Amino acid sequence: MHRLAAHQLLPRLRHRQLRARDLLEQALGRIDRLEPTLHAFLNLQADQARAQADRIDAELDAGRDPGPLAGLPVALKDNLCLQGMPTTCGSRILETFVPPYDATVVRRLQAAGAIVVGKTNLDEFAMGSSTENSAFGPTRNPWDPGRVPGGSSGGSAVAVAAGMVPLALGSDTGGSIRQPAAFCGVSGMKPTYGRVSRHGLVAFASSLDQVGPLARDARDCALLLGILAGHDPLDSTCEDRPVPDYQALLERGVEGLRLGIPRAFLQGLEPEMLASFEEATGALVGCGARLVDVELPHLEYALPAYYILAPAEASSNLARFDGVRYGLRVSGPDVAAMMRRTRAAGFGAEVKRRIVLGTYTLSAGYHEAYYSRAQKVRSVVSRDFQEALARVDLLVLPTTPIPAFPLGEKTADPLDMYLSDVYTVGVNLAGLPGLSVPMAPVQGMPAGLQVIGRAWDEARVLACGQALQSVRQYHLALPQSGLLGGGKA
Amino acid sequence: MSHSQTRLSLREVDHVARLARLDLEPDERERLALQLGLVLEYVGRLAEVDLEGVEPTIQARTNVFREDQPAPTLSPEVALANAPARQGDYFRIPRILEED
């Protein structure tokens with residue numbers, strides 16, 4: 001059962017060949033067996049999930065329709081608020097925080113009949129590319145537990161990759177859905193900025209953050225995005241636009257489409273990754289697409305601009321964690337000392353690094369040279385994307401320059417860690433939709449093809465992922481349970 | 001460029017940490033001075049880009065407005081449930097001293 005995608009489970013549930021409770025028990029059993037090795041979850045709610053599954057079963061038995069995701073177990077990245085369960089963001093400073101409301105995306109999942117089983121591990125406040133920055137210990141890659149799962153949505157990617165749940169939510173500020181999807185061999189999408197509500201997502205860099213799906217394939221991403229997308233009056237960046245029927249548009253294929261490749265940006269790529277990328281784009285040519293070389297002359301500046309803008313926004317957003325209203329408090333003789341001590345004790349090394357960096361580039365005397373300059377570079381990077389996407393229908397790139405790396409390899413060198421986002425951050429700066437789908441493995445580990453579309457054109461991006469998955473089976477591969485010490489699975 | 005040339009001064013680190021309301025241990029100060037120097041050197045390559053006449057992106061897309069209407073909100077009890085310390089319907093904090 002853990003091999004099946006959501007779109008395969010749904011008809012079985014609906015036709016009562018499979019009970020939501022049985023599916024949930026299998027998911028919980030698998031989580032139980034694999035968690036000691038993988039540590040994908042920070043919190044589980046087995047009892048609440050069982051009650052919900054029983055309710056869904058009762059409705060289905062009675063012939064009612066409890067919603068388009070009825071009975072499917074889902075996992076939430078632990079920076080999304082679920083009322084009554086701690087939302088830690090992988091941080092000591094929020095270890096005890098229990099949100100008093102649900103994120104809009106959580107409400108939509110529940111209204112669709114999905115069953116939340118728990119909250120997944122992440123780099124602290126979503127800052128990182130390996131999930132090693134969690135205050136509660138790293139998550140491991142199910143394909144090789146000696147390697148990282150990517151990040152920051154590493155727990156969600158692993159929960160799907162290891163067959164614990166068919167669907168999970170992540171958030172993506174600079175690649176935090178697409179990069180772990182690529183590292184773990186699953187499909188993951190960052191929607192257009194403004195497509196999905198962030199109400200109830202703990203903010204990291206507000207001009208870049210988006211919530212999106214992680215799933216077994218492009219079809220399940222389409223299914224889940226259809227539930228998440230759409231206007232929310234509680235997020236003033238979430239636009240009031242019609243949400244297309246992504247599943248209905250999935251089989252449009254890529255016949256006659258022009259796929260742009262920023263060829264100059266692939267220089268120096270490892271030969272095996274390049275070969276995997278060319279095999280995937282070749283398969284799309286076999287589906288009727290045409291490859292066109294395009295230039296994105298400023299794309300190389302996306303990463304340095306991102307590492308000014310994102311920490312600057314983070315330094316401002318994280319000012320709210322001051323020991324006054326929620327979370328940790330370390331006492332002090334006066335309020336300023338209390339705040340300094342609380343933040344010193346509550347934040348981990350990477351979060352402190354970004355707060356200090358962001359405060360520096362925003363401070364008097366440096367604002368123009370760093371922050372304002374990066375905002376202008378963002379404009380030229382966005383313009384490059386717009387001009388390229390006026391000539392072609394989609395852009396394709398590898399999701400990452402390298403496959404999953406060993407734990408501990410990059411923790412001592414922050415800059416080296418940042419470089420693993422080099423192919424993903426530009427999409428966030430430009431606010432565009434990006435999807436990662438599995439392509440041929442590299443060094444025996446999963447690798448991802450990234451498909452980038454015009455703003456609001458998720459449907460075409462997903463159709464391209466679906467086209468690849470209709471002629472290649474990389475998305476069907478599952479890590480061997482034997483490797484995970486899980487025994488029979 | 002060697003590390004010693006690109007690092008921030010400890011004075012700069014201390015100044016920024018104070019602005020950010022963050023106490024740093026001695027070894028954290030040292031590490032941040034070095035690491036932030038390297039990151040700033042890396043992001044410094046933005047100086048190569050010709051930005052003549054380019055407007056900054058100050059907003060990712062557009063503001064989506066809605067009517068400003070009264071609606072139910074959290075009760076004081078719920079809003080205070082996570083408070084590290086409270087007094088009645090207030091968040092309790094240590095005394096506020098004047099800072100230099």
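The values are calculated or read from the model by the stated rules, or taken from the named source; none is laboratory data. Please read all numbers here as calculations on a predicted model, not as lab measurements. Cβ sites come from the backbone with ideal geometry, for glycine too, and all protein chains shown count toward neighbours. All accessible areas refer to the heavy atoms of the entire protein, side chains included, with ligands and DNA or RNA removed. Shrake-Rupley method; radii C 1.70, N 1.55, O 1.52, S 1.80 Å.
Quick notes on this structure:
- Members of segment B:11-23 found to be out of contact with any Leu (no Cβ under 8 Å at 6 or more places or on another chain) and either open to solvent by 50 Å² or more (accessible area, probe 1.4 Å) or at pLDDT below 95 (or both), listed by number: B:Arg11, B:Glu12, B:His15, B:Arg18, B:Leu19, B:Arg21, B:Asp23
- Only one entry of B:Pro26, B:Pro76 meets the criterion of being open to solvent by 80 Å² or more (accessible area, probe 1.4 Å) and more than 9 Å from chain A (Cβ to nearest Cβ), and that entry is B:Pro26.
- Restricted to segment A:445-480, and to residues there that are open to solvent by less than 20 Å² (accessible area, probe 1.4 Å) and of a type in the set (S, T, N, Q), the residue that is farthest from the chain's Cα centre (by Cα) is A:Gln469.
- Residue identified as at pLDDT 95 or above, more than 24 Å from A:Ala103 (Cβ to Cβ) and of a type in the set (A, V, I, L, M, F, W, C) among A:Leu44, A:Leu13, A:Leu82: A:Leu13
- Any hit, segment A:44-55, residues being closer than 29 Å to A:Trp143 by Cβ and open to solvent by 50 Å² or more (accessible area, probe 1.4 Å): yes
- Single condition A:Gly212 does not satisfy, out of (1) buried (at least 16 other Cβ atoms within 10 Å of the Cβ); (2) within 14 Å of chain B (Cβ to nearest Cβ): (2)
- Inter-residue pairs, beta-carbon under 9 Å, first touching a residue at least 40 places away in the same chain (Cβ under 8 Å) and in segment B:74-93, second of a type outside the set (Asp, Glu) and open to solvent by less than 70 Å² (accessible area, probe 1.4 Å), 6+ apart: none
- Residue list for segment A:67-122, restricted to those being of a type in the set (Ser, Thr, Tyr) and in a loop (DSSP other than H, G, I, E, B): A:Thr87, A:Thr88, A:Ser91, A:Thr96, A:Tyr101
Table: residues versus (1) modelled with pLDDT of 95 or more; (2) touching a strand residue (DSSP E or B) at 6+ places or on another chain (Cβ under 8 Å); (3) closer than 18 Å to A:Glu458 by Cα.
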| residue | (1), (2), (3) |
| --- | --- |
| A:Pro145 | yes, no, no |
| A:Val148 | yes, yes, no |
| A:Val160 | yes, yes, no |
| A:Gly163 | yes, no, no |
| A:Ser171 | yes, yes, yes |
| A:Pro191 | yes, yes, yes |
| A:Asp209 | yes, yes, yes |
| A:Asp217 | yes, yes, yes |
| A:Glu239 | yes, no, yes |
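- Residue match in segment B:84-97 (condition: crowded, with 18+ Cβ neighbours inside 10 Å and either at positive phi or more than 7 Å from chain A (Cβ to nearest Cβ) (or both)): no
- Hey, A:Tyr370 open to solvent by less than 20 Å² (accessible area, probe 1.4 Å) and among the aromatic types (Phe, Trp, Tyr) or not: no
- Those residues of segment A:100-148 which are hydroxyl-bearing (Ser, Thr, Tyr) and touching a Pro at 6+ places or on another chain (Cβ under 8 Å), in sequence order: A:Ser130, A:Thr131, A:Thr139
- Of all residues in segment A:434-444, those satisfying the criterion of being on the phi < 0 side of the Ramachandran plot and either over 18 Å from the mean Cα position of the chain (by Cα) or surrounded by fewer than 23 Cβ atoms within 10 Å (Cβ to Cβ) (or both) are A:Ala440, A:Pro441, A:Val442.
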